[in-house]
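A short worksheet on the structure shown next.
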Amino acid sequence: MRLLCRAVTTLLSALTLTTLSPAAAHAAPGDTVTLPVSEALAGLPVQGEVRDGYSRDLFRHWVDADRDGCSTRAEVLLAEAVTAPAVGSGCSLTGGSWYSLYDSRTLTSATQLDIDHLVPLAESWDSGASGWTAGERQAFANDLDDPRSLIAVSAASNRSKSDQDPATWMPPTAAYHCEYVTTWVVVKTRWGLTVDEAERDALAGVLSQCPDTVVEVTLAR
């Protein structure tokens with residue numbers, strides 16, 4: 001399903017939108033806006049980042065929101081599997097295969113993968129989440145409503161990225177750069193987060209080499 005959603009997002013790039021609609025300009029949480037990624041980036045407030053008070057524990061993650069026995073981590077692994085794994089007791093996963101977009105690797109064990117918050121938890125804290133409620137931070141950390149927010153990638157690539165933004169880290173696979181920065185802008189737009197100057201410039205630099213993809217974003221905040 002997540003792969004299908006990515007395909008739909010790519011198809012939207014064939015559309016042309018020259019101006020931001022009045023509805024988008026006055027959108028509220030729950031509304032869906034459609035606009036070129038360049039306009040989405042231009043709409044992100046530019047602000048310095050502050051890490052004071054950050055703790056990963058402030059973002060309760062890998063919950064079982066729908067109480068089906070599978071945590072957010074397992075839900076992403078199931079959704080993104082190229083070959084479906086067997087699901088055992090407690091939603092344990094065996095077998096299966098996954099493709100890590102960050103470093104173009106095929107992995108055959110769930111233990112080899114991390115679920116990456118495409119915009120890291122610490123980065124979200126720096127750019128606005130420090131002022132959120134605990135419930136909002138939990139929703140961000142377990143965002144299954146937009147399949148672009150979380151991604152299954154090799155543990156090695158995720159740990160190389162850590163909490164860096166595109167000014168200091170990009171996926172090793174250059175062919176994924178356009179999609180990566182586009183998705184970064186989408187997630188920040190969805191959650192009403194800011195960007196710092198270096199981050200904005202890095203995003204703009206990559207996007208200048210990419211199609212001005214039209215993105216559809218449902219606002220979470």
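The values are calculated or read from the model by the stated rules, or taken from the named source; none is laboratory data. Quick caveat, the model's predicted, so the values are computed rather than measured. No Cβ is skipped: glycine too gets one built from the backbone with ideal geometry, and neighbour counts run over all protein chains shown. Accessible surface areas use protein heavy atoms only, side chains included; no ligands, DNA or RNA. Shrake-Rupley method; radii C 1.70, N 1.55, O 1.52, S 1.80 Å.
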Shape call for the stretch 52-103, from the Cα gyration tensor axes a ≥ b ≥ c (a/c under 1.5 means rounded, otherwise prolate when a/b beats b/c, else oblate), comes out oblate
By the C-alpha gyration tensor axes a ≥ b ≥ c (rounded if a/c is under 1.5, else prolate when a/b exceeds b/c, else oblate), the shape of the stretch 173-221 is oblate
Expressed in angstrom and rounded, the centroid-to-centroid distance over alpha carbons for the stretch 117-134 and the stretch 157-221 is 15
Excluding ligands, DNA and RNA, the carbon-plus-sulfur percentage of the accessible area of the stretch 132-192 with a 1.4 Å probe reads 52
When the charge dipole of the chain is computed with +1 at the Cβ of Lys and Arg and -1 at the Cβ of Asp and Glu, the Cα pointing farthest to the positive end, of Gly30, Trp98, Thr133, is that of Trp98
When the charge dipole of the chain is computed with +1 on Lys and Arg Cβ and -1 on Asp and Glu Cβ about the Cα centre, the Cα farthest towards its positive end, among Ala204, Gly88, Leu144, belongs to Gly88
Honestly the stretch 82-166 on the Cα gyration tensor test (a ≥ b ≥ c root eigenvalues; a/c under 1.5 rounded, otherwise a/b vs b/c for prolate or oblate) is just oblate
Counting only backbone N atoms under 20 Å from a point 7 Å out along Cα-to-Cβ of Thr173, the residues of the stretch 95-133 in range are 96-120
Taking every alpha carbon pair in the chain and sorting the distances into 10 angstrom bins from 0 up to the bin holding the longest one, the percent per bin comes out as 8, 33, 38, 18, 3, 0
Within the stretch 22-120, DSSP-loop trypsin sites (Lys or Arg not before Pro) with at most 13 other C-beta atoms within 10 Å are Arg51, Arg67
